[in-house]
Amino acid sequence: MDNTVGSLTQIQKSLIIGSLLGDGYVRIIKGRKNAFLEINHAFHMKEYVDWKYEILKNIVISPPKMRKGNGNRIAYRFFTRQHPEITELFRLFYRNGKKVIPDFNLDTFSLAIWYMDDGSKCGSSSYYLNTQQFTLEDQDKLLKQLSKFGIEARLNKDKIYWRIRMLMSSIETFKKLVKNTIVPSLQYKI
């Protein structure tokens, strides 16, 4: 039996989309009708995981828990309930078990989540979104999404993969868009 609850709020949808662009993972258990979201970060990101939990807690069965991962890694994670709207997002963002970038509209809240999940800053002028898991075609779609906010970015080669690098001229625009959403423990990223 699936455990479903009421409709997701816009903030919840935006958080899930931002997480899907970053470290979030959605799946459907065989034999079940609906998908669920897993939020899983390193334990040092506890504040961030707890913050996500607070936004999603009406669709979560139990609060975040520590988990020993591979090697010495300690993870901190939680799972949502199965939900039809998460199933819709699963169908949009996954093809053959792999994350893809569909046609969608990125909002500033999703952008901030995406950056907190998978963004990094190098020095004062290099801001990256670690999109190496996506195809070049999908990364082009993400560049177009960023351009809607006036953020100019390009693909930047990182070893053998490509990732998104924001142009220096767009850093202040980006920071203004996300600064009020970035949790205190991740402020170092901006």
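The values are calculated or read from the model by the stated rules, or taken from the named source; none is laboratory data. Remember, it's a predicted structure, so these values are computed and weren't measured experimentally. Here the Cβ positions follow ideal geometry from the backbone for every residue, glycine too, while neighbour counts run over all protein chains shown.
Of note:
- Qualifying residue in segment 106-115 (condition: outside any strand (DSSP E or B) and modelled with pLDDT under 95): no
- When the residues of segment 82-100 are filtered to those that are in contact (Cβ under 8 Å) with a residue 12 or more places away in the chain and of a type in the set (S, T, N, Q), the one that is surrounded by the most Cβ atoms within 10 Å (Cβ to Cβ) is GLN82.
- PHE79 farther than 30 Å from LEU167 by Cα, in contact (Cβ under 8 Å) with a residue 60 or more places away in the chain, touching a strand residue (DSSP E or B) at 6+ places or on another chain (Cβ under 6 Å) and in the same structural domain as PHE36 (by TED's automatic domain parsing): no
- Candidate set from segment 101-152 (those that are under 15 Å from the mean Cα position of the chain (by Cα) and of a type in the set (Phe, Trp, Tyr)); member that is surrounded by the most Cβ atoms within 10 Å (Cβ to Cβ): TYR115
- Among the candidates ILE29, ILE74, ILE59, residue that is surrounded by 14 or more Cβ atoms within 10 Å (Cβ to Cβ) and either more than 19 Å from THR131 (Cβ to Cβ) or assigned by TED's automatic domain parsing to the domain that holds ASN180 (or both): ILE59
- Residue in segment 157-169 that is farthest from LEU21 (Cα to Cα), counting only those that are surrounded by 11 or more Cβ atoms within 10 Å (Cβ to Cβ) and without any contact (Cβ under 8 Å) to a residue 24 or more places away in the chain: SER169
- Of all residues assigned to segment 40-47, none qualifies as being surrounded by 12 or more Cβ atoms within 10 Å (Cβ to Cβ), within 21 Å of THR9 (Cα to Cα) and at pLDDT 95 or above.
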